[in-house]
Amino acid sequence: MYDYLKSLHLIFVITWFAGLFYIVRLFVYQIEANDKPSPEKEILQKQYKIMTYRLWYIITWPSAVLASIFAFWMLFFTDLGAAWLKMPWMHVKLGFVFLLYVYQLKCQQIFNQLQRNEVKYSTNFMRLWNEGATLILFAVVFLVILKNAVDWIYGVIGIVVFSLLLMLGFQFYKKIREKNRS
């Protein structure tokens, strides 16, 4: 039974992250559409609203809920889960899952604003915001795979270095985009 629960949990974690990665990309497109001339602007905004609505409520939120249900089931209704709850790496992982839900709730706020045609963020902010889910994904995967084999200091240093590399990559991509526009 445990392996079936773990498989279902993993499937819904994957679809949850896919939804989170793609929704922010759609936010970028929605914000860019806001700068288009009419009628292109209205056509694009309408289409992106439909796409984000379907992605958000048919894939992302259901995946988040199902991933959490299967995780809860594994942790509280299996012998192995009870043992894992006593391990420090699991506490850290659950902290990252909490951050992931905070990230998703912020995405919900942005989604609601864009559905009302309220643009409060730049495309650059959204591109950077998209890396939040990436950082959480990396942290959780390394925690789950390596468990206690990782010295926490090296883990923190690794996440900081990875974050810096993402920022540098973002700045490099931004310069390329600006160069191609001119």
- [ ] Kindly provide the set of residues from the range 106-140 that are open to solvent by 30 Å² or more (accessible area, probe 1.4 Å) and more than 19 Å from Ile31 (Cα to Cα), ordered by number.
- [x] Leu135, Leu137, Phe138
Open item on the list: Looking at the range 122-142, I want the residues that are without any contact (Cβ under 8 Å) to a residue 60 or more places away in the chain and have a partner that is among the β-branched types (Val, Ile, Thr) and open to solvent by less than 60 Å² (accessible area, probe 1.4 Å) with Cβ atoms under 8 Å, at least 6 apart or on another chain. Which pairs are those?
Closed with: Leu135/Ile159; Phe138/Ile159; Ala139/Ile159; Val140/Val97; Phe142/Val150
Task: Conditions (1) part of a helix (DSSP H, G or I); (2) modelled with pLDDT under 95; number of the one not met by Asn117 - done: (1)
Open item on the list: For the range 63-91, give me the residue count where each residue is surrounded by 14 or more Cβ atoms within 10 Å (Cβ to Cβ) and among the aromatic types (Phe, Trp, Tyr).
Closed with: 4
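Listed here are the residues, each with its yes/no results for (1) under 18 Å from the mean Cα position of the chain (by Cα); (2) in a helix (DSSP H, G or I); (3) modelled with pLDDT of 80 or more; (4) within 30 Å of His91 (Cα to Cα).
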{"residue": "Val141", "(1), (2), (3), (4)": "yes, yes, yes, yes"}
{"residue": "Ile145", "(1), (2), (3), (4)": "no, yes, yes, yes"}
{"residue": "Asn148", "(1), (2), (3), (4)": "no, yes, no, yes"}
{"residue": "Gly155", "(1), (2), (3), (4)": "no, yes, no, yes"}
{"residue": "Ile159", "(1), (2), (3), (4)": "yes, yes, no, yes"}
{"residue": "Ser163", "(1), (2), (3), (4)": "yes, yes, no, yes"}
{"residue": "Leu166", "(1), (2), (3), (4)": "yes, yes, no, yes"}
{"residue": "Gln171", "(1), (2), (3), (4)": "no, yes, no, no"}
{"residue": "Ile176", "(1), (2), (3), (4)": "no, yes, yes, no"}
Task: Wholly within the range 1-99, helices (runs of 4 or more DSSP H) carrying at least 2 residues that are under 13 Å from Phe111 (Cβ atoms) - done: 2-33, 40-54
Open item on the list: Residues that are open to solvent by 70 Å² or more (accessible area, probe 1.4 Å), under 27 Å from Lys174 (Cα atoms), over 23 Å from the mean Cα position of the chain (by Cα) and among the charged types (D, E, K, R): does the range 15-36 have at least one?
Closed with: yes
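The values are calculated or read from the model by the stated rules, or taken from the named source; none is laboratory data. Worth saying up front: this structure is predicted, and the values here are computed from it rather than measured. Note that each Cβ is placed from the backbone with ideal geometry, even for glycine, and that neighbours are counted across all protein chains shown. With ligands, DNA and RNA removed, areas are computed over all heavy atoms of the protein, side chains included. Shrake-Rupley method; radii C 1.70, N 1.55, O 1.52, S 1.80 Å.
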